[in-house]
Amino acid sequence: MPVQRGISYDSERVQTSGDYDATAELAMRRVEIEGKINLLETTAKLCMPQCTEYLIKGVTTDGIRIEDLIAQGMPYSRNTYLLIRQKFYHLLSKKI
């Protein structure tokens, strides 16, 4: 007679704690991320009010170069952008 096996659940795959609320956990994480986004946007507006989107894109996008931002229409030179980005990181570090 073949051995029948059912699905076995161990403690690593199933959490049965009554205290865990996935919906509340997700909501708290979303609020945390929203706060971080707001902090990033308000700090970027202080440094580069006319072209905030370029600064945000420059500090949040992996692999983007200053030349790419200039090609996309950013009106600042490389040196000016670097000074603005330095000011951004300085202000951001003070707010954190």
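Only the coordinates and a few stated rules stand behind these numbers; no lab work does. This is a predicted model, so every value here is computed, not measured. Heads up, the Cβs are rebuilt from the backbone with ideal geometry, glycines too, and the neighbour counts pull from every protein chain shown.
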Can you pull out the residues in region 47-85 that are within 19 Å of the chain's Cα centre (by Cα), loosely packed, with under 14 Cβ neighbours inside 10 Å and assigned to a helix (DSSP H, G or I)?
T60
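Among the residues of region 86-96, count how many are surrounded by fewer than 17 Cβ atoms within 10 Å (Cβ to Cβ) and of a type in the set (A, V, I, L, M, F, W, C).
The first filter runs over region 86-96 and keeps only residues surrounded by fewer than 17 Cβ atoms within 10 Å (Cβ to Cβ), leaving 86-87, 89-91, 93-96.
In the following step, the residues that additionally are of a type in the set (A, V, I, L, M, F, W, C) were identified as 91, 96.
Summing the residues that are surrounded by fewer than 17 Cβ atoms within 10 Å (Cβ to Cβ) and of a type in the set (A, V, I, L, M, F, W, C) in region 86-96 gives 2.
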